[in-house]
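Colleague: One structure, pasted below without further comment.
The values are calculated or read from the model by the stated rules, or taken from the named source; none is laboratory data. Everything numeric in this text was worked out from a predicted model, so none of it was measured. Positions of Cβ are backbone-derived with ideal geometry, glycine not excepted, and every protein chain shown enters the neighbour counts.
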């Protein structure tokens, strides 16, 4: 039996990329900032074994994401067998509603004492408008804890009105790239790599179970420090040298709210060597 993984107090997030596949083709996809390297995917049994060892709390869940996590072949098997684990879901909503409700009861993604929404649907105008429209009222009425998140630079009025009529929260988020967004370390996106000391605050797990310190390395498939199926997992909590600062992924350096809805959080901390 694998040893338990206790998330460090300095950590804020646990992101599980079940698959990097996606059924949308958004030209502004943040996953594709830089090199996106597809990887093999663990089986459902392997994910259940690996994720069951992570100790979760209601305010520190495991977040299932991707790509589009519901495209993962054993998505429902994994969700149904992570008994007692607190779970969140990031999805574009492009799944069969009846099938989803048949496998996932409303209590699985529903942390009643946590301020953060458990099922977060990403709205991409022109890509998944009607998939979300058809779902939110049905899921909300059935007791699912969900909200819709869309980029602030698109025309969101229709989706805002739909969400309001269904009593679903709509949240606008900044578009992120080299010229848009607010960053704690703007030079991370300069395109000119240099060496710094970097300290992470997120447990990021790729589709093949490998562990990474940041999104940039996960998407590129480089510098993994272990695997969720290793007998012992040592989660990094200290500064370590990184020679890729400057060609980073914007998600790691933006100012954001953390899982407790506290503002001015950044996923990493940077020091000069």
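Conditions (1) at pLDDT 95 or above; (2) more than 18 Å from the chain's Cα centre (by Cα); (3) loosely packed, with under 14 Cβ neighbours inside 10 Å, marked per residue:
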| position | (1), (2), (3) |
| --- | --- |
| 17 | yes, no, no |
| 22 | no, no, no |
| 39 | no, no, no |
| 53 | yes, yes, no |
| 57 | no, no, yes |
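Colleague: Could you list, in sequence order, the residues of segment 59-72 that are in contact (Cβ under 8 Å) with a residue 40 or more places away in the chain, part of a helix (DSSP H, G or I) and surrounded by 19 or more Cβ atoms within 10 Å (Cβ to Cβ)? If you could, list the steps in order and put the result at the bottom.
Modeller: Pass one, segment 59-72, residues in contact (Cβ under 8 Å) with a residue 40 or more places away in the chain: 59-69, 71-72.
Checking the rest, the ones that are also part of a helix (DSSP H, G or I) come to 69, 71.
Passing the criteria: only 69.
Colleague: Mind listing whichever residues of segment 237-255 are buried (at least 17 other Cβ atoms within 10 Å of the Cβ) and either within 19 Å of the chain's Cα centre (by Cα) or under 18 Å from residue 40 (Cβ atoms) (or both)?
Modeller: 248, 249, 250, 251, 252, 253, 254
Colleague: Which one of the conditions (1) touching a strand residue (DSSP E or B) at 6+ places or on another chain (Cβ under 9 Å); (2) under 18 Å from residue 139 (Cβ atoms); (3) surrounded by fewer than 21 Cβ atoms within 10 Å (Cβ to Cβ); (4) modelled with pLDDT under 95 does residue 105 fail to meet, given that it meets all the rest?
Modeller: So the condition that residue 105 fails would be (1).
Colleague: Still on this model: Say whether the condition of being more than 27 Å from residue 132 (Cα to Cα), in contact with a strand residue (DSSP E or B) (Cβ under 7 Å, 6 or more places away or on another chain) and part of a loop (DSSP other than H, G, I, E, B) is met by at least one residue in segment 80-90.
Modeller: Checking segment 80-90: not a single residue is more than 27 Å from residue 132 (Cα to Cα), in contact with a strand residue (DSSP E or B) (Cβ under 7 Å, 6 or more places away or on another chain) and part of a loop (DSSP other than H, G, I, E, B).
Colleague: Let me ask another. What residue, among those in segment 163-187 that are at pLDDT 90 or above and under 16 Å from residue 92 (Cα atoms), is surrounded by the fewest Cβ atoms within 10 Å (Cβ to Cβ)? Walk me through how you get there before you give the answer.
Modeller: Going through segment 163-187, the residues at pLDDT 90 or above turn out to be 163-172, 182-187.
Subset that is under 16 Å from residue 92 (Cα atoms): 163, 168-172.
Numbers: 163: 25, 168: 21, 169: 12, 170: 19, 171: 14, 172: 14.
Here the answer is 169.
Colleague: Of all residues in segment 147-170, how many are more than 18 Å from residue 127 (Cα to Cα) and in contact (Cβ under 8 Å) with a residue 12 or more places away in the chain?
Modeller: Qualifying residue count, segment 147-170: 5.
Colleague: Kindly establish whether residue 3 is part of a loop (DSSP other than H, G, I, E, B) and closer than 20 Å to residue 208 by Cα.
Modeller: Here the answer is yes, as residue 3 does meet what is asked.
Colleague: Would you point out the residue of segment 256-271, among those that are surrounded by fewer than 15 Cβ atoms within 10 Å (Cβ to Cβ) and at pLDDT 95 or above, that is nearest to residue 216 (Cα to Cα)?
Modeller: Among those that are surrounded by fewer than 15 Cβ atoms within 10 Å (Cβ to Cβ) and at pLDDT 95 or above, it is 269.
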